[in-house]
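Beneath this line is the structure, given in structure tokens, with notes to follow.
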Amino acid sequence: MKETVKYIPSYLELFNKGIFPERVIKLKEILRECTLCPRNCRVNRLEGEKGFCRAGAEACVSSVGPHFGEEAPLTGRNGSGTIFFTYCNLGCVFCQNYDISHSGHGEVLPSSELASRMLYLQKTGCHNINLVTPTHFVPQIVEALETAIKGGLKVPIVFNCGGYESVEVLKLLEGIIDIYMPDAKFSDPKVSEKLCHARDYYKVLKEALKKIHRQVGVLKTDETGIASRGVLIRHLVMPDKLAGSEEVLRFIAEELSKDSYVNIMRQYYPCYKAGDYPEISRSITPQEYNRACEIGKSYGLKKGFLFG
């Protein structure tokens, strides 16, 4: 019988080389003049100043636990070990988790406690640690990871983000993150400015996707179908082609790889302030979803979504 070769997360090698302390120091220093995301608010979060995302000096978490609603390569049989962080660097007007991302409902956790939650998720059998909306808490997360590794952490880390990421911060995450799961929301600057207050969203997204693809490549799974490393991209279909599916999916296929795992999502429905925007005040139709899938297939994409 062939012996199963278990995936060893890349962060263990980085830790064994003694590189973690340097990364933590560099990341925490960014909090003094915060440029963790492309908004570059330059507020001193260590002194209580707050920028667009309204996050402070310590991580704030809304919930921790196994999650079975993520993509199959993440959930497997035992679930994805999700840690939902509060606040967000995008602020989408249609956010389905607005009580967390906008209102900030959650619990402030020092890095030592955050590390304990990671180890708890591993102990329950979760296949990975899934950091949901982590962009604005990267220094605190990496500091917690260092502590958790000392405590025996050894499952892959998922960076589940909105796609509006700083390339400089992504460089500091190289070797730490095993699986990136970014949203690819919009291609039209006017749409992204109106719906998530980020006119440069698509420009930033493309550079971020290129960077993370170079770091970890296309999504790879073990013999049981569980993801170990790579990029998993989410693209939410919006009413009236507002997501710019044609441009987004073409970019993924032509600039990244036709083997990219792309979850073309049909879950959109009006939430939060969507009712104030007539163009997004309805759910999408089956025809709109099917059209996005047809576009993906026309560019050679075939992993991560089902037609129909």
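The values are calculated or read from the model by the stated rules, or taken from the named source; none is laboratory data. None of the values given here were measured: they were computed from a predicted structure. Positions of Cβ are backbone-derived with ideal geometry, glycine not excepted, and every protein chain shown enters the neighbour counts.
Quick rundown of the values:
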{"quantity": "Those residues of the stretch 162-200 which are under 19 Å from I264 (Cα atoms) and either of a type in the set (D, E, K, R) or free of Cβ contacts under 8 Å to residues at least 40 places away in the same chain (or both), in sequence order", "calculated": "D183, K185, D188, S192"}
{"quantity": "Residue in the stretch 181-200 that is under 17 Å from the mean Cα position of the chain (by Cα), modelled with pLDDT of 95 or more and over 19 Å from C95 (Cβ atoms) present", "calculated": "no"}
{"quantity": "Qualifying residue in the stretch 203-221 (condition: assigned to a strand (DSSP E or B), buried (at least 20 other Cβ atoms within 10 Å of the Cβ) and in contact with a Leu (Cβ under 8 Å, 6 or more places away or on another chain))", "calculated": "no"}
{"quantity": "Subset of the stretch 289-303 (residues that are in contact (Cβ under 8 Å) with a residue 40 or more places away in the chain, crowded, with 19+ Cβ neighbours inside 10 Å and out of contact with any Ser or Thr (no Cβ under 6 Å at 6 or more places or on another chain))", "calculated": "Y289, G296, L301"}
{"quantity": "Residue within the stretch 265-278 that is among the small types (G, A, S), modelled with pLDDT under 95, touching a strand residue (DSSP E or B) at 6+ places or on another chain (Cβ under 8 Å) and crowded, with 16+ Cβ neighbours inside 10 Å present", "calculated": "no"}
{"quantity": "Residue in the stretch 44-54 that is surrounded by fewer than 16 Cβ atoms within 10 Å (Cβ to Cβ), in contact (Cβ under 8 Å) with a residue 40 or more places away in the chain, out of contact with any Leu (no Cβ under 6 Å at 6 or more places or on another chain) and more than 26 Å from K273 (Cα to Cα) present", "calculated": "no"}
{"quantity": "Some residue of the stretch 257-273 being in a helix (DSSP H, G or I) and in contact with a Gly (Cβ under 6 Å, 6 or more places away or on another chain)", "calculated": "no"}
